[in-house]
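Participant: After the structure tokens below, expect a handful of questions from me.
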Amino acid sequence: MFLSGKRALITGSTSGIGLAMARALHGEGAEVILNGFGDEAEIAALRDELSATHFGADLTDADAIAEMMSEAGPVDILINNAGMQHVAPVEEFPPEKWDQVIALNLTAPFHTTRHAVPHMKKTGWGRLINTASAHSLTASPFKSAYNATKHGLVGFTKTVALELAQTGVTANCISPGYVWTTLIENQIPDTMKARGLTRDQVINDVLLAKQPTKRFVQPHEVAAFALFLCQEEAGNITGSNQSIDGGWTAE
Ligand code: NAD
């Protein structure tokens, strides 16, 4: 239980990758703070399972983030994981969707980080982990906002890592390829429309076509890497962007 006594806030942890991360950190003794939307009864069950607190803050709202960070109290581990996608050609991309994607995927990690860093610096230990994406290293069409945020998140993370390099606080990105979660399921209809394809064609010829392993990454595989970054042995890994993408970005 190497995380006993540590407090971890994981944004977007009511489903998918964030939930797997929350489970992994709880399994090693961390006190887990959940964030995200979802069914009330399901969230209550998660709170029980993980002995966790939960904040339903909408992270596109800077004031809601400030309130959550203040009520949650100091954290030793911050995982910026909440994210959203919107799929459309750039000339049809709704400006309000652009703003929403930027707010959640890029601006929210800035706000949570700036609130979390003072305590980490004071104690001389901290872990900042940002869920980026293979789309932080490469692009696919029709995802202009998402790709811009994930590339931007890597630049932000590198900067914070350099600022904190001598403080005992590390900052890294994890960049998964396609992971089967609601985020992927929800983009299939729009991708079918944007590319004029069937559902099976989107899964096999667009999504899995990118991954040489020909299988989706599993949420627990991403969570295992986040857990590793929390170990003492990972203290010299900072400013990095770790791919877990079935070989996608090796091509
Ligand atoms: P998901 O849809 O299962 O989970 C998203 C989480 O974010 C949920 O808990 C949701 O409630 C929360 N959320 C959404 N909007 C929010 C808001 N405005 N405020 C607060 N919380 C909000 O998706 P996922 O696939 O687990 O995605 C998690 C992260 O992983 C995202 O940053 C995503 O970009 C990244 N990612 C996913 C994949 C993939 O293939 N699924 C690949 C690479 C990167």
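Participant: Expressed as a whole number of Å, what is the distance separating the alpha-carbon centroids of segment 218-251 and segment 29-104?
Facilitator: 21 Å
Participant: Quick check on the exposure proxy: order ILE244, ILE10, ILE79 from fewest to most C-beta atoms within 10 angstrom.
Facilitator: Values: ILE244 17, ILE10 34, ILE79 30.
Least to most surrounded, the residues fall as ILE244, ILE79, ILE10.
Participant: Moving to a separate point now. Let's test the formula: R0 of 25 Å, r as the Cβ-Cβ distance of GLU49 and ALA234. What FRET efficiency results, to the nearest 0.05? Provide the component values of the computation, followed by the final result.
Facilitator: Working: r = 26 Å, r/R0 = 1.05.
So, using R0 = 25 Å, E works out to roughly 0.40.
Participant: What is the angle, in °, between the Cα long axis of helix 16-27 and the longest principal axis of the Cα atoms in the chain? Nearest 10 is fine, range 0 to 90.
Facilitator: The two axes meet at around 30 degrees.
Participant: Right, next: Would you count, across the chain, every pair of lysines whose alpha carbons are under 19 angstrom apart, provided the pair is eight or more residues apart or spans two chains?
Facilitator: Close lysine pairs under the 19 Å cut-off: 10.
Participant: What is the order of THR182, THR249, THR131, THR191, fewest Cβ neighbours within 10 Å to most?
Facilitator: Values: THR182 10, THR249 16, THR131 28, THR191 23.
Exposure proxy ranking, most exposed first: THR182, THR249, THR191, THR131.
Participant: Above 16 angstrom, tally the Cα pairs of segment 131-251 and express them as a % of all pairs, no decimals. The partial results should precede the final answer.
Facilitator: Working: 4689 of 7260 pairs.
So the pairs more than 16 Å apart make up 65 percent of the total in segment 131-251.
Participant: Another question, if that's okay. Whole number please: convex hull volume per residue of the Cα set in the chain, in Å³? Spell out each step's value before the answer.
Facilitator: Values: hull volume 30.7 nm³, N = 251.
Looking at the chain, the number lands at 122 Å³ per residue.
Participant: To continue, here is another question. Based on alpha-carbon positions alone, could you give the equivalent ellipsoid semi-axes of segment 178-240 from the gyration tensor, as √(5λ), descending, whole Å? Don't skip to the end; give the middle numbers.
Facilitator: Working: eigenvalues 208, 25, 21 Å².
Its equivalent ellipsoid spans semi-axes of 32, 11, 10 Å.
Participant: Could you compute the FRET efficiency for THR249 and ARG199, with r as their C-beta to C-beta distance and R0 at 35 Å, rounded to 0.05?
Facilitator: Values: r = 25 Å, r/R0 = 0.73.
The computed FRET efficiency comes out at 0.85.
Participant: For segment 204-234, state which trypsin sites (Lys or Arg not before Pro) are in a DSSP loop and have at most 16 other beta carbons lying within 10 Å of their beta carbon. Intermediate results must be reported in sequence, preceding the final value.
Facilitator: Details: sites: LYS210, LYS214, ARG215; in loops: LYS214, ARG215.
Passing both the DSSP loop test and the Cβ count: LYS214, ARG215.
Participant: Sort segment 26-132 into rounded, prolate or oblate with this rule: let a ≥ b ≥ c be the square roots of the eigenvalues of the Cα gyration tensor; rounded if a/c is under 1.5, and if a/c is not under 1.5, prolate when a/b is larger than b/c, oblate otherwise. Intermediate results must be reported in sequence, preceding the final value.
Facilitator: Details: a/c = 2.18, a/b = 1.43, b/c = 1.52.
Oblate.
Participant: Identify the chymotrypsin sites (Phe, Trp or Tyr not before Pro) of segment 1-102 meeting these criteria: DSSP loop state and at most 14 other C-beta atoms within 10 Å of the C-beta. Walk me through the numbers before you get to the answer.
Facilitator: Numbers: sites: PHE2, PHE37, PHE55, TRP98; in loops: PHE2, PHE37.
Answer by residue number: PHE2, PHE37.
Participant: Hey, another quick one. List the residues, sorted by chain then number, that are 5 or more residues from SER243 or on another chain and whose placed amide H is less than 5 Å from its amide H.
Facilitator: SER175
Participant: Ignoring everything except DSSP H segments at least 4 long, calculate the 222 nm mean residue ellipticity for the chain; use -39,500 (n - 2.57) per segment, divide by total residues, nearest 500.
Facilitator: Numbers: 8 runs with 103 residues, N = 251.
The per-residue figure over the chain is -13000 deg cm²/dmol.
Participant: From the phi of every residue in segment 84-95, what ³J(HN,Hα) in whole Hz does the Karplus formula 6.51 cos²θ - 1.76 cosθ + 1.60 yield, where θ is phi - 60° and glycine or proline is x?
Facilitator: 9, 10, 9, 10, 6, x, 4, 6, 10, 5, x, x
Participant: Right, here's the next one. Exposure proxy check: CYS230, CYS173 ranked by fewest other beta carbons within 10 Å?
Facilitator: Values: CYS230 21, CYS173 27.
Arranged by neighbour count, lowest to highest, CYS230, CYS173 become CYS230, CYS173.
FYI, it's all coordinate maths here, none of it is from the lab. These numbers come from a predicted model, not from an experiment. For neighbour counting, all protein chains shown are included, and Cβ atoms are generated from backbone atoms with ideal geometry for every residue, glycine included.
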